[in-house]
Amino acid sequence: MTVRQLIKNNARESLKHHWGRAIGILLFLFCVNALFLLLEQFFCYLLSLNLTEDPALVVDLFHGQIRLSSSMAIITACFAVVSFVITTPLMFGMTKWYFHQVGGDRPALQTLFTYFYGIRDLFRSIALRFILAVRVTLWALLFAIPPAAIFWGAWQISFWNSSYAALLLAVLSVLAGIVAIAMAVLWFCWIQRYFLVDYLFVSDSGLGLHAMIRKSVRIMKNHRCQTAALYGSFIPWLLLSVLVAPLLFVLPYMAASMAIHARVLIEQDQRRQSN
C-alpha cells in the first residue's frame with residue numbers, strides 16, 4: 001500500500017462516524033457564499049430599476065443584453081470584499097476542525113467560528129489569506145510568461161501574408177497549448193510550498209505570518225510533487241461528482257486527506273528539529 005493510499009484510508013476512517021458534521025460544515029459554507037451571491041444580484045437588480053440613467057456598458061451575449069454600470073461594479077466589489085472578510089475566517093475554522101478531527105480529537109462545530117472570537121485572530125486570518133493570494137498570483141504571472149510569449153508570436157504571424165503562415169500559426173497554437181498546460185502543472189506543484197501555511201496557522205498561533213510561510217516553504221521543499229499528486233488523485237472523484245450528493249462526499253474526503261498529510265509533515269519536522 002502506498003503512502004497516498006494509506007492517507008486516504010485513514011481519512012475515510014477518521015470520518016467514519018462524522019460524515020454528518022463534515023457535510024453540515026460544507027453545506028453551511030456553501031449557503032454563506034450563495035447568500036452573498038443572491039444579495040449581490042438583488043442589489044444589482046434594484047439598481048438597474050432605479051438608476052436607468054446611470055452610464056453603462058451594454059454587452060450582447062447571443063442577443064441577450066447585459067447592462068454593466070459603474071454602480072453595479074461598485075456593488076460587486078463591495079460584496080466581494082465583505083464575502084472575503086466573512087468566508088476567510090470560516091475557511092480557517094474549517095481547516096482547524098479537520099486538523100483536530102484527523103488527529104483523534106472531537107472538535108465541536110463551533111470550531112468553525114474560532115477566528116471570529118478575537119479581532120487579532122480575525123485580522124491575522126484575513127492578512128494571511130491576502131499575502132498568500134498575492135504570492136500565488138505573482139507566481140502564476142511568472143509561469144504564464146512562456147505560453148503568453150508563444151501566443152503573442154502566433155498573433156504576430158496571423159498578420160503575415162506568407163503561404164506558410166497558416167501552418168506556422170497552427171504549430172505555434174498547438175505548442176502554446178501544450179506549454180500552457182505544462183506551465184499550469186508546474187505552477188500548481190510549485191505553489192505547494194505554501195500548502196502547510198493554513199495548518200501552521202490553526203495549530204501554532206505563536207508564529208508570525210511570515211514565519212509560517214517560511215516554515216511551510218522549508219518543510220515542503222521535498223514534498224511539493226507528492227502533495228500535488230495527492231490532490232491529483234482526487235481528480236477522478238471530482239469528475240464523477242456530477243450530482244451534488246457525490247460532491248458532498250468527495251470534498252470532506254479530500255479535506256480530511258490533506259489534513260492528515262499536513263499533520264504527518266508537521267510532526268515529522270518537529271521530530272527532526274528535536275533530534
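Values computed for the structure shown
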read-out	value
Check on Arg129, of a type in the set (Lys, Arg) and out of contact with any Ser or Thr (no Cβ under 8 Å at 6 or more places or on another chain)	no
Filtered residue count, the range 204-213, keeping only those that are under 20 Å from the mean Cα position of the chain (by Cα) and either surrounded by 13 or more Cβ atoms within 10 Å (Cβ to Cβ) or under 26 Å from Lys8 (Cβ atoms) (or both)	3
Qualifying positions in the range 147-169 - in a helix (DSSP H, G or I) and either touching a residue at least 24 places away in the same chain (Cβ under 8 Å) or polar (S, T, N, Q) (or both)	Pro147, Ile150, Phe151, Gln156
Any hit, the range 248-267, residues being loosely packed, with under 15 Cβ neighbours inside 10 Å and either assigned to a helix (DSSP H, G or I) or without any contact (Cβ under 8 Å) to a residue 60 or more places away in the chain (or both)	yes
Pair list, Cβ under 8 Å, 6 or more apart: the range 73-97 residue loosely packed, with under 14 Cβ neighbours inside 10 Å, other residue hydroxyl-bearing (Ser, Thr, Tyr) and not in a helix (DSSP H, G or I)	none
Residue count for the range 214-247, restricted to those that are within 20 Å of Glu13 (Cα to Cα), part of a helix (DSSP H, G or I) and among the small types (Gly, Ala, Ser)	1
Single match in Leu128, Leu172 (criterion: more than 26 Å from Ala262 (Cβ to Cβ), in contact (Cβ under 8 Å) with a residue 12 or more places away in the chain and surrounded by 13 or more Cβ atoms within 10 Å (Cβ to Cβ))	Leu172
Residue within the range 3-20 that is touching an Asp or Glu at 6+ places or on another chain (Cβ under 8 Å) and surrounded by 15 or more Cβ atoms within 10 Å (Cβ to Cβ) present	no
Residues of the range 192-213 classified as among the aliphatic types (A, V, I, L, M) and either assigned to a loop (DSSP other than H, G, I, E, B) or more than 16 Å from Val134 (Cβ to Cβ) (or both), total	5
Set Arg106, Arg135, Arg124, Arg120: member being outside any helix (DSSP H, G or I), over 17 Å from Leu29 (Cα atoms) and either of a type outside the set (Asp, Glu) or at pLDDT 90 or above (or both)	Arg106
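The values are calculated or read from the model by the stated rules, or taken from the named source; none is laboratory data. Just so we're clear, the structure is a prediction, and the values are computed from it rather than from any experiment. Heads up, the Cβs are rebuilt from the backbone with ideal geometry, glycines too, and the neighbour counts pull from every protein chain shown.
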